[in-house]
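For reference, the structure discussed in these notes is given below.
The values are calculated or read from the model by the stated rules, or taken from the named source; none is laboratory data. Note that the coordinates shown come from a computational prediction; the quantities given were computed from them, not determined experimentally. Every residue, glycine as well, gets a Cβ built from its backbone with ideal geometry; the counts of neighbours run over all protein chains shown.
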């Protein structure tokens with residue numbers, strides 16, 4: 001017979017509660033009003049800055065460790081992983097179907113254990129559609145990640161990266177970023 005200690009039982013209960021939260025947020029993600037979605041996301045523990053919006057279909061893993069700055073837009077069907085800290089700055093534009101992960105398995109470990117590392121996205125970053133950001137990455141201020149890129153290491157400020165794995169392909173000429181992203185569509 002397999003005995004469960006008090007710590008293991010508590011971890012299972014906590015996991016079940018978190019999974020319930022994640023399932024509810026998937027349904028909330030299909031409500032066609034960003035005001036209502038944002039209300040429920042904040043209740044779930046996501047810190048969302050003023051003027052920021054998360055478009056429909058977003059998926060969250062452990063929302064309590066996700067922080068989104070002000071005037072930031074998260075596109076449709078984005079995946080935001082909060083199993084470790086996910087910090088998204090101000091005036092960040094994350095396009096449709098972007099996946100940001102901060103947990104993965106150690107493929108060299110005998111038990112295939114999970115590794116969690118924070119992901120930091122600084123202010124004025126643009127991440128193109130279907131890009132993937134992997135654990136432990138910091139994307140510097142004003143950087144641009146091209147569509148479909150897989151970012152495996154840090155991106156320095158104002159650099160443009162693209163490809164699989166993402167490599168530097170240019171640099172943003174405008175270093176005086178002060179734009180606002182504007183209002184979100186009501187039913188997106």
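The residues in the stretch 38-47 that are crowded, with 21+ Cβ neighbours inside 10 Å and either in contact with a helix residue (DSSP H, G or I) (Cβ under 6 Å, 6 or more places away or on another chain) or farther than 21 Å from residue 182 by Cα (or both) can be counted, and the count is 1. Within the stretch 132-145, the set of residues being in a loop (DSSP other than H, G, I, E, B) and either more than 16 Å from residue 86 (Cα to Cα) or at pLDDT below 95 (or both) comprises 142, 143. Here residue 11 qualifies as surrounded by 12 or more Cβ atoms within 10 Å (Cβ to Cβ) and farther than 30 Å from residue 72 by Cα. Take residue 187 and tell me if it is part of a loop (DSSP other than H, G, I, E, B) and either out of contact with any strand residue (DSSP E or B) (no Cβ under 9 Å at 6 or more places or on another chain) or buried (at least 19 other Cβ atoms within 10 Å of the Cβ) (or both). Considered against the rule, which asks whether it is part of a loop (DSSP other than H, G, I, E, B) and either out of contact with any strand residue (DSSP E or B) (no Cβ under 9 Å at 6 or more places or on another chain) or buried (at least 19 other Cβ atoms within 10 Å of the Cβ) (or both), residue 187 comes out as yes. For the stretch 10-42, filtered to residues that are free of Cβ contacts under 8 Å to residues at least 40 places away in the same chain and not in a helix (DSSP H, G or I), the residue that is nearest to residue 53 (Cα to Cα) is 29.
Table: residues versus (1) over 12 Å from residue 92 (Cβ atoms); (2) surrounded by fewer than 19 Cβ atoms within 10 Å (Cβ to Cβ).
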{"position": "118", "(1), (2)": "yes, yes"}
{"position": "124", "(1), (2)": "no, no"}
{"position": "138", "(1), (2)": "yes, yes"}
{"position": "143", "(1), (2)": "no, no"}
{"position": "161", "(1), (2)": "yes, no"}
{"position": "166", "(1), (2)": "yes, no"}
{"position": "169", "(1), (2)": "yes, yes"}
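If you go through the stretch 50-67 one residue at a time, do you hit one that is within 11 Å of the chain's Cα centre (by Cα), farther than 17 Å from residue 19 by Cα and surrounded by fewer than 22 Cβ atoms within 10 Å (Cβ to Cβ)? Within the stretch 50-67 (the criterion being within 11 Å of the chain's Cα centre (by Cα), farther than 17 Å from residue 19 by Cα and surrounded by fewer than 22 Cβ atoms within 10 Å (Cβ to Cβ)), the answer is yes, since at least one residue qualifies.
Does the stretch 109-116 include one or more residues that are part of a strand (DSSP E or B) and either in contact (Cβ under 8 Å) with a residue 40 or more places away in the chain or surrounded by 15 or more Cβ atoms within 10 Å (Cβ to Cβ) (or both)? Among the residues of the stretch 109-116, at least one is part of a strand (DSSP E or B) and either in contact (Cβ under 8 Å) with a residue 40 or more places away in the chain or surrounded by 15 or more Cβ atoms within 10 Å (Cβ to Cβ) (or both), which makes the answer yes.
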